[in-house]
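The values are calculated or read from the model by the stated rules, or taken from the named source; none is laboratory data. Computed from a predicted model, the values in this text were never measured in an experiment. All Cβ positions, even for glycine, are placed from backbone atoms using ideal geometry, and neighbour counts span all protein chains on display. For accessibility, only protein heavy atoms count, side chains too; no ligands or nucleic acids. Shrake-Rupley method; radii C 1.70, N 1.55, O 1.52, S 1.80 Å.
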Amino acid sequence: MGLAFEDFEVGARFRSHGVTVTEAHVSAFAWLTGDWNPLHVDGEFAKSTIFGERIAHGMLTASLALGLFAQYLYGTVIALLEASARFLKPVKIGDTIYVETEVVDKRPSEKYRGGVVHLRHEVKNQRGETAAVVETKVLVAGRWRGST
């Protein structure tokens with residue numbers, strides 16, 4: 001079971017395990033979203049860009065980041081309320097990314113047992129460089145088990 005609302009403390013930090021971004025990730029994301037930008041799927045085109053090779057979609061990077069953090073919310077997250085992302089460095093096929101997350105703020109819900117947790121996720125590559133920063137607000141259940 002994941003962390004309950006009461007388990008989150010402002011300033012607490014978490015580090016996820018890593019995932020290596022593969023051709024399969026990029027292809028599946030393009031297929032799912034319909035984003036066939038040649039920067040992501042055409043190696044010859046990508047060679048002519050400032051990156052010199054194909055890069056992962058920014059939203060793929062953000063999605064992987066949230067998935068890496070999701071282990072802390074299994075069974076306790078009620079809803080993703082907000083998400084915003086800034087992309088600072090490209091994530092390339094073969095890069096291994098992980099997430100360092102900080103609890104920025106939390107506030108109890110008036111409607112549900114639990115509350116809103118504001119999280120800042122730094123997506124880092126295998127060199128420790130920050131590739132993206134994703135901020136989320138999630139509604140997390142309290143420790144009790146029962147109806148809202």
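Inside the range 20-40, can you point out the residues that are under 21 Å from ARG86 (Cβ atoms) and surrounded by 15 or more Cβ atoms within 10 Å (Cβ to Cβ)? Break it down into steps so the answer makes sense when it comes.
Within the range 20-40, the first condition is being under 21 Å from ARG86 (Cβ atoms), and the residues that meet it are 21, 25-26, 29, 33, 35, 37, 39-40.
Once the filter is applied, which keeps residues that are under 21 Å from ARG86 (Cβ atoms) and surrounded by 15 or more Cβ atoms within 10 Å (Cβ to Cβ), the range 20-40 yields VAL21, HIS25, VAL26, PHE29, ASP35, LEU39, HIS40.
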- Query: Is there any pair with a first residue in the range 83-99 that is within 12 Å of ALA65 (Cβ to Cβ) and a second that is basic (Lys, Arg) whose Cβ atoms are under 7 Å apart and which are 6 or more apart or on different chains, and what are they?
  - Reply: ILE97/LYS124; TYR98/ARG15; TYR98/LYS124
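How many residues does the range 41-71 contain that are part of a helix (DSSP H, G or I), open to solvent by less than 20 Å² (accessible area, probe 1.4 Å) and under 20 Å from THR130 (Cα atoms)?
At the first step, the residues of the range 41-71 found to be part of a helix (DSSP H, G or I) are 41, 43-47, 58-71.
Okay, now just the ones that are also open to solvent by less than 20 Å² (accessible area, probe 1.4 Å), so 46, 60-62, 65, 68-69.
Right, trim to under 20 Å from THR130 (Cα atoms) and you get 60-62, 65, 68-69.
Count: 6.
Could you count how many residues in the range 111-121 are surrounded by 14 or more Cβ atoms within 10 Å (Cβ to Cβ) and charged (D, E, K, R)? First the steps, then the outcome.
Within the range 111-121, the subset surrounded by 14 or more Cβ atoms within 10 Å (Cβ to Cβ) is 112-121.
The next check asks that each one be charged (D, E, K, R); those that pass are 113, 120.
The qualifying residues number 2.
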- Using the structure shown, decide if GLU102 is of a type in the set (Asp, Glu) and either without any contact (Cβ under 8 Å) to a residue 40 or more places away in the chain or under 25 Å from GLY11 (Cα atoms) (or both). yes
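Quick check on the range 29-37. Is at least one of its residues among the hydrophobic types (A, V, I, L, M, F, W, C) and either in contact with a Phe, Trp or Tyr (Cβ under 7 Å, 6 or more places away or on another chain) or closer than 12 Å to LEU119 by Cβ (or both)? Full working, then the answer.
Residues of the range 29-37 that are among the hydrophobic types (A, V, I, L, M, F, W, C), as a first pass: 29-32, 36.
Add one more test, that the residue is either in contact with a Phe, Trp or Tyr (Cβ under 7 Å, 6 or more places away or on another chain) or closer than 12 Å to LEU119 by Cβ (or both), and what stays is 30.
Yes, that holds for at least one residue.
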- Task: Spot the failing condition for GLU6; the list is (1) of a type outside the set (Ser, Thr, Tyr); (2) within 21 Å of TRP144 (Cα to Cα); (3) touching an Asp or Glu at 6+ places or on another chain (Cβ under 9 Å); (4) part of a helix (DSSP H, G or I), and only one is missed.
- Result: (3)
- Query: Any idea which of LYS124, LYS137 is crowded, with 20+ Cβ neighbours inside 10 Å and not aliphatic (A, V, I, L, M)?
  - Reply: LYS124
- Among the residues of the range 72-84, the number that are open to solvent by less than 30 Å² (accessible area, probe 1.4 Å) and touching a helix residue (DSSP H, G or I) at 6+ places or on another chain (Cβ under 9 Å) is 1
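Can you pull out the residues in the range 85-110 that are open to solvent by 70 Å² or more (accessible area, probe 1.4 Å) and either farther than 30 Å from ILE50 by Cβ or part of a strand (DSSP E or B) (or both)? Walk me through how you get there before you give the answer.
So the first thing to find is which residues in the range 85-110 are open to solvent by 70 Å² or more (accessible area, probe 1.4 Å), and the list is 86-89, 105, 107-108, 110.
The answer is ARG86, PHE87, ASP105, ARG107, PRO108, GLU110.
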